[in-house]
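For reference, the structure discussed in these notes is given below.
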Amino acid sequence: MECNSGKGWVGEQGVRDHTIIRTKNGKFVILATDLSLANSFEAKYHGSWGEITTSGSPYLVCWESEDLVHWSEERLIRLGDADFGCVWAPDIIYDAAHDDYVVHWSSSHRSNQYGDKAIYYSRTRDFVTFTAPELLCRKADSGIIDSAIYEEDGRYYRFTKSEANPAAIVLEQGVYEAPTAFRLQDGRWFLMLDFYEVEGAGQGYVPFVADSLASGRFIRSDASFSFPYGFKHGTIMAITAEEYERIRSFYS
């Protein structure tokens, strides 16, 4: 369903790195990075990734919905102050102990001369008011991006991309980013990584399966999965059969 002739109208008029969550009251929230390389890479940032990481995309874009088909107007959220060079790749997890949501993302920052990026976080109960950002984690020898956090049996596990110098190759070496995971009905975990080493149809999600997060043992499982080309760097969320039929009916 096309709106505004398919043209964006907020922020950089293009978004990436979407994440979605079902809140405890049944509402759905999408957050995404306010960054359009198609619109801005040359014209605004002069083809420089350095400019993008030090002065680009300081906002996240937010949408809310009650039914997954009717969405609020998009709005900009600024979590960091002027010391943040960029705010990228948000993810969300509900924290039952505090009864709020932890939004975490990767940023460059004035405190290290906008060098290696680190993971920051903020808390919210309504996705309108947020706590001041705090540092979640930093790696001494490399920037880190694309964090994703999941709970299993009372413990939390974080997937993060190290931009260089990993201590070990846990899955396999190559150009992967944007981890997202979900639990299968049989209790196993499915981890999706965005592979971007090649051009064209070879790009996109690559599947890995583990019996548990605690095991840390993920096996690549291409035979159990297929995905259309072009889908990447998002979030997988379970929906009901009723929700699926509603979406299919609305958009068909």
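The values are calculated or read from the model by the stated rules, or taken from the named source; none is laboratory data. Please read these numbers as outputs of a predicted model, since none were measured by experiment. Ideal geometry is used to build each Cβ from the backbone, glycine not excepted, and the neighbour counts take in all protein chains shown.
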Taking GLU152, is it within 22 Å of GLY234 (Cα to Cα) and over 17 Å from the mean Cα position of the chain (by Cα)?
yes
Could you grab the pairs with beta carbons closer than 9 Å, sequence gap of 6+ or different chains, first residue in the stretch 232-252 and under 25 Å from VAL206 (Cα atoms), second one surrounded by 13 or more Cβ atoms within 10 Å (Cβ to Cβ) and among the acidic types (Asp, Glu)?
LYS232/ASP194; HIS233/ASP17; HIS233/ASP146; HIS233/GLU177; HIS233/ASP194; GLY234/ASP17; GLY234/ASP194; THR235/ASP91
Among what's in the stretch 37-96 and is β-branched (Val, Ile, Thr) and closer than 21 Å to HIS18 by Cβ, pick the residue that is surrounded by the fewest Cβ atoms within 10 Å (Cβ to Cβ).
VAL69
How many residues are part of a loop (DSSP other than H, G, I, E, B) and in contact (Cβ under 8 Å) with a residue 24 or more places away in the chain when one looks only at the stretch 54-71?
8
Conditions (1) under 19 Å from VAL87 (Cα atoms); (2) of a type in the set (S, T, N, Q); (3) modelled with pLDDT of 95 or more -> SER72 fails only (1)
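Evaluate the stretch 116-127: report whether one residue or more is basic (Lys, Arg), crowded, with 20+ Cβ neighbours inside 10 Å and touching a residue at least 60 places away in the same chain (Cβ under 8 Å).
yes
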Tell me which residues, restricted to the stretch 131-142, are modelled with pLDDT of 95 or more, surrounded by 18 or more Cβ atoms within 10 Å (Cβ to Cβ) and more than 30 Å from GLY187 (Cβ to Cβ).
PRO133
What number goes with the only condition from (1) at positive phi; (2) among the small types (Gly, Ala, Ser); (3) touching a residue at least 12 places away in the same chain (Cβ under 8 Å) that SER107 does not pass?
(1)
